[in-house]
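Written out below as structure tokens is the structure these notes cover.
The values are calculated or read from the model by the stated rules, or taken from the named source; none is laboratory data. Everything quoted here is computed from the prediction, not taken from an experiment. Cβ placement follows ideal geometry from the backbone for every residue including glycine, while neighbour counts extend to all protein chains displayed. To get the accessible areas, we keep the full protein, side chains included, count just its heavy atoms, and leave off ligands, DNA and RNA. Shrake-Rupley method; radii C 1.70, N 1.55, O 1.52, S 1.80 Å.
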Amino acid sequence: MIDEGHVRELCDAANDEAALVLLEGRARVVDQPSDEESQGALLVITKRDLVERLGPDPSDQALHDVAGTLSDTVGKLGA
């Protein structure tokens with residue numbers, strides 16, 4: 001559901017308010033989680049929280065590990 005590419009895309013987002021969300025069962029990175037296009041989306045993690053957790057330049061392994069953790073967590077929610 002959530003893979004390393006999603007986490008990397010969020011890390012690389014120009015906007016610090018960007019977030020990884022689930023919308024209609026699909027993970028995606030959005031610039032503003034409060035935008036109309038994100039209505040009904042489940043917020044998974046913000047860029048700010050991700051950078052706080054991993055630092056500004058995370059390794060590929062760290063991105064992979066976080067993607068697995070986020071995917072497991074979302075899966076347990078039944079999203």
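Of everything in region 29-52 that is under 16 Å from Thr73 (Cα atoms) and open to solvent by 60 Å² or more (accessible area, probe 1.4 Å), the residue that is modelled with the highest pLDDT is Asp49. Of everything listed in (1) out of contact with any Gly (no Cβ under 9 Å at 6 or more places or on another chain); (2) of a type in the set (A, V, I, L, M, F, W, C); (3) closer than 12 Å to Cys11 by Cα, the single unmet condition for Ala62 is (1).
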